[in-house]
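The values are calculated or read from the model by the stated rules, or taken from the named source; none is laboratory data. For clarity, every value in this text was computed on a predicted model and none was experimentally measured. Ideal geometry is used to build each Cβ from the backbone, glycine not excepted, and the neighbour counts take in all protein chains shown.
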Amino acid sequence: MSQQKKSQQDQAKRLAAEAAIEFVPPRSIVGVGTGSTVNYFIDALAALKHDIEGAVSSSEASTARLKKLGIPVYDLNGVGEIAVYVDGADEINPHLQMIKGGGGALTREKIVAAVSKTFVCIADDSKWVDVLGEFPLPVEVIPMARSYAARQIVALGGDPVYREGVTTDNGNVILDVYNLHIEKPIDLEEKLNQITGVVTNGLFAKRGADIALISDGHDVKKHTRR
Ligand SMILES: O=C[C@H](O)[C@H](O)[C@H](O)COP(=O)(O)O
């Protein structure tokens, strides 16, 4: 990617992230995702730190950034329903179903999203697609089940590749599944989760986003779920 394209994409990420601030209720505990787009959101949230109670985080990386900026981070087990969860995506379709987990944080992201009333997805417009699957679908697997899970994934029509050298925050491994053209995201999400040894997969289809803020680096378009 050229330097100019990269800085336009960064600007798009920043604009989408800053637009999410208006969805943060005062005095709330905010659900915070993971990734380069969310990092801009965390930076914007820091300016509001005296107006919110704190955050629940989806990764060690986001926790470290939140704490560094003086935003208290709570354990999810001590918190009830979260009003708003803000997170990025690797791909998002017009139904606001997503592929996530490019950064390996999919499982904790799915947990925090499940507890949250409203999911706001923030992304640059390169993530907006008609059909999910061009981006390899991450699947988090218990290490001893890696080969078995990979064979089961092949039987479902995907090409799994072990993400070497990566251990998730939960101590597991990731298989990135290539060559999927995902016409029925909810079906595939369920089938993958039924494989013994799979912890979760990066399809956020059953619980997609409620709002997507997508930027081209100039404007931010707001999409709501169809
Ligand atoms: O595990 C990572 C997350 O699912 C991210 O939200 C996703 O990979 C998008 O990251 P970025 O904002 O860096 O493109």
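You will find that of GLU53, GLU81, the residue that is away from the ligand (no atom under 14 Å from the Cβ), modelled with pLDDT under 95 and of a type in the set (Asp, Glu) is GLU81 and no other. Condition check: more than 17 Å from the chain's Cα centre (by Cα) and crowded, with 23+ Cβ neighbours inside 10 Å. Does ILE142 satisfy that? No: the conditions fail for ILE142. Restricting the first member to the range 183-195 and to residues that are under 19 Å from ALA209 (Cβ atoms), and the second to residues that are of a type in the set (Lys, Arg) and part of a loop (DSSP other than H, G, I, E, B), the beta-carbon pairs closer than 8 Å and six or more apart or on different chains are ILE186/LYS206; GLU189/LYS206; GLU190/LYS206.
Conditions tested, residue by residue: (1) of a type outside the set (A, V, I, L, M); (2) in contact (Cβ under 8 Å) with a residue 40 or more places away in the chain.
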{"site": "HIS50", "(1), (2)": "yes, no"}
{"site": "LEU66", "(1), (2)": "no, no"}
{"site": "GLY78", "(1), (2)": "yes, no"}
{"site": "GLY88", "(1), (2)": "yes, yes"}
{"site": "LYS110", "(1), (2)": "yes, yes"}
{"site": "LYS117", "(1), (2)": "yes, no"}
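When the criteria are applied in full, THR34 meets the requirement of being polar (S, T, N, Q), within 15 Å of the ligand (Cβ to nearest atom), assigned to a loop (DSSP other than H, G, I, E, B) and assigned by TED's automatic domain parsing to the domain that holds GLY103.
Restricting the range 97-112 to residues that are in contact with a Leu (Cβ under 9 Å, 6 or more places away or on another chain) and β-branched (Val, Ile, Thr), which is nearest to the ligand (Cβ to nearest atom)? Looking at residues that are in contact with a Leu (Cβ under 9 Å, 6 or more places away or on another chain) and β-branched (Val, Ile, Thr), I get ILE99.
Quick check on the range 147-158. Is at least one of its residues assigned to a strand (DSSP E or B) and under 30 Å from ARG225 (Cβ atoms)? No, because not a single residue in the range 147-158 is assigned to a strand (DSSP E or B) and under 30 Å from ARG225 (Cβ atoms). Taken over the range 169-181, the criterion of being of a type outside the set (Phe, Trp, Tyr) and either surrounded by fewer than 22 Cβ atoms within 10 Å (Cβ to Cβ) or free of Cβ contacts under 8 Å to residues at least 60 places away in the same chain (or both) is satisfied by ASP169, ASN170, GLY171, ASN172, VAL173, LEU175, ASP176, VAL177, ASN179, LEU180, HIS181. Only one entry in VAL115, VAL139 is within 15 Å of the ligand (Cβ to nearest atom) and touching a Gly at 6+ places or on another chain (Cβ under 9 Å), namely VAL139. Within the range 16-24, does at least one residue satisfy the condition of being part of a loop (DSSP other than H, G, I, E, B), surrounded by 14 or more Cβ atoms within 10 Å (Cβ to Cβ), more than 12 Å from the ligand (Cβ to nearest atom) and in contact (Cβ under 8 Å) with a residue 24 or more places away in the chain? Within the range 16-24 (the criterion being part of a loop (DSSP other than H, G, I, E, B), surrounded by 14 or more Cβ atoms within 10 Å (Cβ to Cβ), more than 12 Å from the ligand (Cβ to nearest atom) and in contact (Cβ under 8 Å) with a residue 24 or more places away in the chain), the answer is yes, since at least one residue qualifies.
Could you give every pair whose Cβ atoms fall below 7 Å, whose first residue belongs to the range 27-40 and is more than 16 Å from MET98 (Cβ to Cβ), and whose second residue is of a type in the set (Ser, Thr, Tyr) and within 9 Å of the ligand (Cβ to nearest atom), counting only separations of at least 6 or pairs across chains? These pairs meet every condition: VAL32/SER58.
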